[in-house]
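Trainee: Please see the structure below; I have some questions.
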Amino acid sequence: MKLFLDTANIDDIKKYASWGLVDGVTTNPSLIAKEKVSLEKRIKEIAKVVKGPVSAEVFSTDAKGMVAEGRKIAKWAKNIYVKAPCTPDGLQATQILSKEGIRVNMTLVFSANQALLAAKAGAAFVSPFIGRLNDAGHEGMEVIEEIAEIYNNYNFKTEILVASIRSPRQVTESAMLGADICTVPAAIYDKLVKHPLTDSGLKKFLEDAKKAKLI
Ligand code: E4P
């Protein structure tokens, strides 16, 4: 499973990219707004640091505007994926952009039917938001399971990008369900590597080695 970073913070992106395991980055208008920087400037910066897919979302809500914005955004770097919301206009824009070879990440997906439509429209990625589903009292992972089964039944090439991750366990569950990608906020990325038994085990190994004058 590919691991993306879900942030627009360039320092975090540089930090985790240096570990060598960041396969891509997702941003959204709220994440960009937090950084107080223009979308174009930040996306170009990110695309220089991370060679894998970098998602940038359109601000327009009508199909014509999304297509125009999508075409512009796609020119910023070779690894750009244009994010469009799963609305009738978003689906229309996705078909037009995909036919032109522009890769679309269909975002704000909350049901298997929306994911089915995104795949039919030619989206390269579909982004189900599991954390927000759980917050609303649903079982987000069930939607991932349903989407995986549907895509498998019909051999859709659209990749399942599990988004709105709130815990390390959800990363494990995404991988167990065979999701293609999981996009993870920086705070969760840190927790993926951390384990108290790793820390205490390493401490003990080094103490024993010192006692035996091995180091
Ligand atoms: C995905 O691409 C979105 O940026 C993100 O995962 C949304 O997560 P949130 O629900 O924590 O805002």
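Trainee: What percent do you get for the relative contact order of the range 104-215 when only Cα pairs under 8 Å and 6+ apart count?
Mentor: 21 percent
Trainee: Among 179-191, 9-21, what's the highest-first ranking by average C-beta atoms within 10 angstrom per residue?
Mentor: Per-residue mean Cβ counts within 10 Å order the peptides as 179-191, 9-21.
Trainee: 7 Å from Cα along Cα→Cβ at both K120 and Q95: what's the point-to-point distance in nm?
Mentor: 1.0 nm
Trainee: Given the pairs K64/K99; K44/K191; K75/K120; K15/K51; K2/K51; K41/K64, which span a C-alpha to C-alpha distance of over 18 angstrom in this model?
Mentor: K44/K191; K75/K120; K41/K64
Trainee: So, by mean Cβ neighbours within 10 angstrom, what's the order for 28-35, 156-163 with the highest one leading?
Mentor: Going by the mean number of other Cβ atoms within 10 Å, highest first, we get 156-163, 28-35.
Trainee: Of the peptides 59-71, 101-113, 122-134, how do they stack up when ordered by the mean number of other Cβ atoms within 10 Å, highest first?
Mentor: Packing order, densest peptide first, comes out as 122-134, 101-113, 59-71.
Trainee: Also: Which of the aspartates and glutamates could a cross-linker span from K203 if the Cα-Cα distance has to be under 12 Å and same-chain partners fewer than 8 positions apart are dropped?
Mentor: none
Trainee: Okay, next question. Can you give me the relative contact order of the chain as a percent, contacts being Cα pairs under 8 Å and 6 or more apart?
Mentor: For the chain, the relative contact order is 17 percent.
Trainee: Can you give me the % of accessible surface on the chain that is carbon or sulfur? Probe 1.4 Å, all protein chains present, nothing else counted.
Mentor: Ligands and nucleic acids excluded, carbon and sulfur give 56 percent.
Trainee: Could you run the Debye sum over the Cα atoms of the chain, one equal point scatterer each and no solvent, and tell me log10 of I(q)/I(0) at q = 0.11, 0.13, 0.19 Å⁻¹, two decimals?
Mentor: After summing over all Cα pairs, the log10 values are -0.54, -0.71, -1.41.
Trainee: Shifting gears a bit: If I require 18 Å or longer along the helix axis, counting alpha carbons, and a Kyte-Doolittle average no lower than -1.0, what helices from the chain are left? Use full DSSP H segments.
Mentor: Those that pass (Cα extent of 18 Å or more, hydropathy at least -1.0) are 140-154, 196-211.
Trainee: Between the range 166-180 and the range 44-85, what's the alpha-carbon centroid distance in Å?
Mentor: When both Cα centres are located, 26 Å separates them.
Trainee: Something else now. Loop-only GluC sites (Glu not before Pro) in the range 85-155, please: DSSP not H, G, I, E or B, and at most 16 other Cβ atoms within 10 Å.
Mentor: Hits after loop and neighbour filter: E100, E139.
Trainee: I'd like to check one number: the per residue accessible area of the chain, probe 1.4 Å, reported in Å² as a whole number.
Mentor: For the chain, the per-residue accessible area is 52 Å².
The values are calculated or read from the model by the stated rules, or taken from the named source; none is laboratory data. All values derive from a computational prediction rather than experimental measurement. Cβ atoms come from the backbone with ideal geometry, glycine included; neighbour counts cover every protein chain shown. Protein only, heavy atoms only, side chains kept; ligands, DNA and RNA dropped before computing areas. Shrake-Rupley method; radii C 1.70, N 1.55, O 1.52, S 1.80 Å.
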